[in-house]
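Structure first, commentary second.
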Amino acid sequence: MIVLCASYRVEAWTLLLDNELDQTKISKFVIRKLKGHEENKNNIQNAHNFIKDGKIVANMSWTKKYITVKLSAKTLNLAQEKKLNEFLEKLVKGEFSEV
């Protein structure tokens, strides 16, 4: 178990250096990994942070059931929010053959 914890800390550190994991979430990441290893139920399959001016402004994660996008409210102006909403509506309706 100690070896696993160390390898998860190394993985978390690497993600931190690559701006893929926020520093405040390292311990939760390691705990989630340990629980996922013990129970073999780690639902998050992939996650990606979006960086603007060196800060994480959005996160996108995938599970077997959902794709979740979290975007800082200050990131977009009203016109951009409207464009994002229109894009998602078209995407969900299948109006894009390629994105």
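Each value in this text was obtained by applying a stated rule to the coordinates, not by laboratory testing. Note that the structure is predicted; figures quoted are calculated from it, not measured. With ideal geometry, Cβ positions are generated from the backbone for all residues, glycine too; neighbour counts draw on all protein chains shown.
In terms of other Cβ atoms within 10 Å, ILE26, ILE31 run from fewest to most in the order ILE31, ILE26. Here ILE67, ILE51 are placed in order of increasing Cβ neighbour count within 10 Å, fewest first, which gives ILE67, ILE51.
Do the alpha carbons of any pairs in LYS52/LYS82; LYS55/LYS83; LYS33/LYS83; LYS28/LYS82 sit beyond 31 Å of each other, and which pairs? Walk me through the numbers on the way to the answer.
Details: LYS52/LYS82 20 Å; LYS55/LYS83 23 Å; LYS33/LYS83 36 Å; LYS28/LYS82 34 Å.
Beyond 31 Å: LYS33/LYS83; LYS28/LYS82.
For ILE56, no residue 5 or more places off, or on another chain, has a built amide H under 5 Å of its own.
Would you kindly state how much longer the chain becomes between ASP18 and GLU95 on full extension, computed as 0.36 nm times their sequence separation minus their alpha carbon distance, in nm to one decimal?
Values: separation 77, 0.36 × 77 = 27.72 nm, distance 3.42 nm.
Fully extending the segment from ASP18 to GLU95 adds 24.3 nm.
Counting 0.36 nm for each residue step from ASN46 to ARG9 and taking away their Cα separation leaves a gain of 11.6 nm.
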